[in-house]
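Heads up, the thing below is written out as C-alpha coordinates.
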Amino acid sequence: MKRKTGSVLCLAVLLLPLASCRLLRGPNYDLLVTIESGVTGTPASGLYSYKDLEEVEYKYTPVDSRHAVEVLVDGGQEVAEASLTIYHNTVLVARLIDVRDDWEVTSIDASDAKTTFTLTFAGADILGGTFSDSRGYRGTWSGVGGAIEIVYSDWEAYVYSGSLFYMSGTWANGSATGSWSAKRTE
(Lines give C-alpha, C1' and ligand atoms only; values in the text may rest on other atoms or scores of the structure.)
Protein backbone atom coordinates (compact mmCIF):
# COMPACT_ATOMS: atom_id res chain seq x y z
CA MET A 1 0.00 0.00 0.00
CA LYS A 2 2.86 2.37 0.80
CA ARG A 3 4.36 1.85 -2.63
CA LYS A 4 1.08 2.82 -4.36
CA THR A 5 0.69 5.99 -2.25
CA GLY A 6 4.28 6.95 -2.92
CA SER A 7 3.81 6.52 -6.68
CA VAL A 8 0.67 8.66 -6.67
CA LEU A 9 2.42 11.33 -4.60
CA CYS A 10 5.44 11.28 -6.92
CA LEU A 11 3.17 11.56 -9.98
CA ALA A 12 1.27 14.47 -8.38
CA VAL A 13 4.53 16.31 -7.66
CA LEU A 14 5.62 15.84 -11.27
CA LEU A 15 2.27 16.98 -12.73
CA LEU A 16 1.79 19.99 -10.44
CA PRO A 17 4.07 22.30 -12.48
CA LEU A 18 2.27 21.18 -15.66
CA ALA A 19 -1.12 22.10 -14.19
CA SER A 20 -0.25 25.76 -14.42
CA CYS A 21 1.22 25.31 -17.88
CA ARG A 22 -0.49 26.80 -20.96
CA LEU A 23 -0.46 23.32 -22.42
CA LEU A 24 -3.20 22.11 -20.10
CA ARG A 25 -5.25 25.34 -20.10
CA GLY A 26 -5.00 25.95 -23.81
CA PRO A 27 -3.35 28.94 -25.42
CA ASN A 28 -4.47 32.53 -25.15
CA TYR A 29 -4.71 34.70 -28.25
CA ASP A 30 -4.78 38.45 -28.74
CA LEU A 31 -7.61 40.38 -30.35
CA LEU A 32 -6.55 43.84 -31.50
CA VAL A 33 -9.61 46.07 -32.03
CA THR A 34 -9.50 49.40 -33.88
CA ILE A 35 -12.62 51.54 -34.22
CA GLU A 36 -12.18 54.24 -36.84
CA SER A 37 -13.70 57.71 -36.75
CA GLY A 38 -17.46 57.83 -37.25
CA VAL A 39 -18.10 54.40 -35.69
CA THR A 40 -19.15 53.40 -32.18
CA GLY A 41 -19.62 50.00 -30.56
CA THR A 42 -18.15 47.12 -28.63
CA PRO A 43 -15.66 45.82 -27.94
CA ALA A 44 -13.91 49.18 -27.72
CA SER A 45 -10.55 49.87 -29.35
CA GLY A 46 -7.80 48.04 -27.52
CA LEU A 47 -5.86 44.82 -27.11
CA TYR A 48 -7.71 41.88 -25.54
CA SER A 49 -6.63 38.37 -24.59
CA TYR A 50 -8.99 35.41 -25.06
CA LYS A 51 -8.73 31.68 -24.52
CA ASP A 52 -8.57 29.36 -27.51
CA LEU A 53 -12.01 28.90 -29.14
CA GLU A 54 -13.64 31.62 -27.04
CA GLU A 55 -16.58 33.31 -28.77
CA VAL A 56 -16.46 37.13 -28.93
CA GLU A 57 -19.56 39.12 -29.85
CA TYR A 58 -19.16 42.49 -31.54
CA LYS A 59 -21.54 45.22 -32.63
CA TYR A 60 -20.71 48.48 -34.38
CA THR A 61 -22.94 51.28 -35.67
CA PRO A 62 -22.27 54.52 -37.50
CA VAL A 63 -22.43 57.76 -35.53
CA ASP A 64 -24.33 59.27 -38.51
CA SER A 65 -27.16 56.95 -39.58
CA ARG A 66 -26.66 57.90 -43.22
CA HIS A 67 -23.39 55.95 -43.17
CA ALA A 68 -22.86 52.17 -43.14
CA VAL A 69 -20.29 50.15 -41.20
CA GLU A 70 -18.16 47.21 -42.23
CA VAL A 71 -15.93 45.13 -40.00
CA LEU A 72 -12.65 43.72 -41.26
CA VAL A 73 -11.49 40.59 -39.44
CA ASP A 74 -7.92 39.84 -40.47
CA GLY A 75 -8.60 41.89 -43.62
CA GLY A 76 -11.78 40.06 -44.65
CA GLN A 77 -15.06 41.98 -44.80
CA GLU A 78 -17.71 41.02 -42.24
CA VAL A 79 -21.08 42.45 -41.18
CA ALA A 80 -21.22 45.08 -38.43
CA GLU A 81 -22.82 42.80 -35.83
CA ALA A 82 -21.84 39.18 -35.31
CA SER A 83 -19.49 37.02 -33.30
CA LEU A 84 -16.15 35.44 -34.00
CA THR A 85 -14.33 32.47 -32.60
CA ILE A 86 -10.82 33.21 -31.42
CA TYR A 87 -8.32 30.53 -32.48
CA HIS A 88 -5.33 32.70 -33.41
CA ASN A 89 -4.14 36.28 -32.93
CA THR A 90 -6.81 38.37 -34.65
CA VAL A 91 -7.15 41.95 -35.89
CA LEU A 92 -10.62 43.54 -36.04
CA VAL A 93 -11.20 46.96 -37.63
CA ALA A 94 -14.63 48.65 -37.57
CA ARG A 95 -14.93 51.40 -40.17
CA LEU A 96 -17.34 53.30 -42.38
CA ILE A 97 -17.90 51.83 -45.84
CA ASP A 98 -16.15 53.90 -48.48
CA VAL A 99 -16.60 52.74 -52.08
CA ARG A 100 -14.47 55.47 -53.65
CA ASP A 101 -12.15 53.28 -55.67
CA ASP A 102 -12.10 51.11 -58.80
CA TRP A 103 -14.60 48.23 -58.96
CA GLU A 104 -14.99 45.43 -61.50
CA VAL A 105 -18.72 45.14 -62.23
CA THR A 106 -20.44 42.11 -63.72
CA SER A 107 -23.85 42.96 -65.13
CA ILE A 108 -26.27 40.21 -66.19
CA ASP A 109 -29.36 40.85 -68.32
CA ALA A 110 -32.63 38.87 -68.58
CA SER A 111 -31.10 36.50 -71.15
CA ASP A 112 -28.14 35.76 -68.81
CA ALA A 113 -25.71 37.69 -71.03
CA LYS A 114 -22.81 39.01 -68.93
CA THR A 115 -21.05 42.31 -69.37
CA THR A 116 -17.95 43.20 -67.36
CA PHE A 117 -16.58 46.71 -66.95
CA THR A 118 -14.79 48.87 -64.40
CA LEU A 119 -16.47 51.65 -62.42
CA THR A 120 -14.39 54.35 -60.75
CA PHE A 121 -16.21 56.04 -57.87
CA ALA A 122 -15.04 59.52 -56.83
CA GLY A 123 -16.37 62.25 -54.58
CA ALA A 124 -15.56 64.56 -51.71
CA ASP A 125 -17.74 62.49 -49.37
CA ILE A 126 -18.36 58.78 -48.78
CA LEU A 127 -22.10 59.41 -49.19
CA GLY A 128 -21.94 60.13 -52.90
CA GLY A 129 -20.24 61.68 -55.87
CA THR A 130 -19.54 60.97 -59.50
CA PHE A 131 -18.34 57.93 -61.38
CA SER A 132 -16.96 56.95 -64.75
CA ASP A 133 -16.80 53.52 -66.30
CA SER A 134 -14.26 51.85 -68.54
CA ARG A 135 -16.63 52.11 -71.51
CA GLY A 136 -16.61 55.92 -71.36
CA TYR A 137 -19.96 56.47 -69.57
CA ARG A 138 -20.48 58.72 -66.53
CA GLY A 139 -22.99 59.58 -63.86
CA THR A 140 -23.62 60.05 -60.15
CA TRP A 141 -23.75 57.67 -57.22
CA SER A 142 -25.05 57.81 -53.67
CA GLY A 143 -24.40 55.44 -50.79
CA VAL A 144 -26.79 56.29 -47.96
CA GLY A 145 -28.10 54.07 -45.18
CA GLY A 146 -26.50 50.91 -46.53
CA ALA A 147 -27.98 51.27 -50.03
CA ILE A 148 -26.17 52.31 -53.20
CA GLU A 149 -27.67 53.90 -56.28
CA ILE A 150 -25.68 54.41 -59.49
CA VAL A 151 -27.38 56.64 -62.07
CA TYR A 152 -25.94 57.02 -65.55
CA SER A 153 -26.32 60.51 -67.01
CA ASP A 154 -25.13 59.71 -70.53
CA TRP A 155 -26.15 56.09 -71.13
CA GLU A 156 -29.87 55.84 -71.72
CA ALA A 157 -31.75 55.58 -68.39
CA TYR A 158 -29.62 52.98 -66.62
CA VAL A 159 -29.96 52.89 -62.83
CA TYR A 160 -28.09 50.35 -60.71
CA SER A 161 -29.27 49.94 -57.11
CA GLY A 162 -28.52 47.54 -54.30
CA SER A 163 -26.54 46.87 -51.16
CA LEU A 164 -23.58 49.06 -50.30
CA PHE A 165 -22.12 46.31 -48.10
CA TYR A 166 -22.42 43.52 -50.67
CA MET A 167 -21.98 45.81 -53.72
CA SER A 168 -24.64 43.95 -55.64
CA GLY A 169 -28.25 44.39 -56.63
CA THR A 170 -30.45 45.00 -59.65
CA TRP A 171 -30.41 47.40 -62.58
CA ALA A 172 -33.13 48.82 -64.78
CA ASN A 173 -33.27 50.72 -68.06
CA GLY A 174 -36.91 51.34 -68.80
CA SER A 175 -38.52 47.88 -68.96
CA ALA A 176 -35.14 46.09 -69.29
CA THR A 177 -33.84 44.70 -66.00
CA GLY A 178 -31.01 42.61 -64.70
CA SER A 179 -28.64 42.05 -61.81
CA TRP A 180 -25.15 43.22 -61.00
CA SER A 181 -22.32 42.55 -58.58
CA ALA A 182 -18.97 44.25 -58.08
CA LYS A 183 -15.64 43.55 -56.46
CA ARG A 184 -12.92 46.03 -55.63
CA THR A 185 -10.04 45.76 -58.09
CA GLU A 186 -6.58 44.90 -56.80
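Annotations
- Region 48-99: number of residues that are under 17 Å from the mean Cα position of the chain (by Cα) and among the basic types (K, R): 2
- Residue within region 98-120 that is modelled with pLDDT of 95 or more, of a type in the set (V, I, T), in contact with a His (Cβ under 8 Å, 6 or more places away or on another chain) and outside any strand (DSSP E or B) present: no
- Taking every residue in region 26-43 that is closer than 15 Å to G75 by Cα and pairing it with any residue that is small (G, A, S) and part of a loop (DSSP other than H, G, I, E, B), at least 6 positions away or on another chain, the pairs with Cβ-Cβ distances below 8 Å are V33/A44; V33/S45; T34/S45; I35/A44; I35/S45.
- Look at (1) surrounded by 13 or more Cβ atoms within 10 Å (Cβ to Cβ); (2) part of a loop (DSSP other than H, G, I, E, B); (3) not basic (K, R) and you find that G136 fails only one, number (1).
- With respect to the conditions (1) within 22 Å of V144 (Cβ to Cβ); (2) free of Cβ contacts under 8 Å to residues at least 24 places away in the same chain, S49 falls short on a single one, namely (1).
- Residues satisfying the stated conditions in region 41-55, i.e. among the hydroxyl-bearing types (S, T, Y) and over 12 Å from R95 (Cβ atoms): T42, Y48, S49, Y50
- Any hit, region 57-65, residues being at pLDDT 95 or above, assigned to a loop (DSSP other than H, G, I, E, B), acidic (D, E) and not assigned by TED's automatic domain parsing to the domain that holds V39: no
- Test result for E81, in contact with a Lys or Arg (Cβ under 6 Å, 6 or more places away or on another chain), surrounded by 12 or more Cβ atoms within 10 Å (Cβ to Cβ), at pLDDT 95 or above and not assigned by TED's automatic domain parsing to the domain that holds W180: yes
- The single condition among (1) of a type in the set (D, E, K, R); (2) over 18 Å from the mean Cα position of the chain (by Cα); (3) more than 25 Å from L31 (Cα to Cα) that D102 does not satisfy is (2).
- Selection status of R95, part of a loop (DSSP other than H, G, I, E, B) and of a type in the set (K, R): no
- Of all residues in region 150-162, those satisfying the criterion of being among the hydroxyl-bearing types (S, T, Y) and surrounded by 15 or more Cβ atoms within 10 Å (Cβ to Cβ) are Y152, Y158, Y160, S161.
- All of S153, S163, S181 fail the test of being in contact (Cβ under 8 Å) with a residue 40 or more places away in the chain and among the hydroxyl-bearing types (S, T, Y), apart from S181.
The values are calculated or read from the model by the stated rules, or taken from the named source; none is laboratory data. Owing to the predicted nature of the structure, the values given are computational and were not obtained by experimental measurement. Glycine gets a Cβ as well: all are built from the backbone with ideal geometry, and neighbour counts include every protein chain shown.
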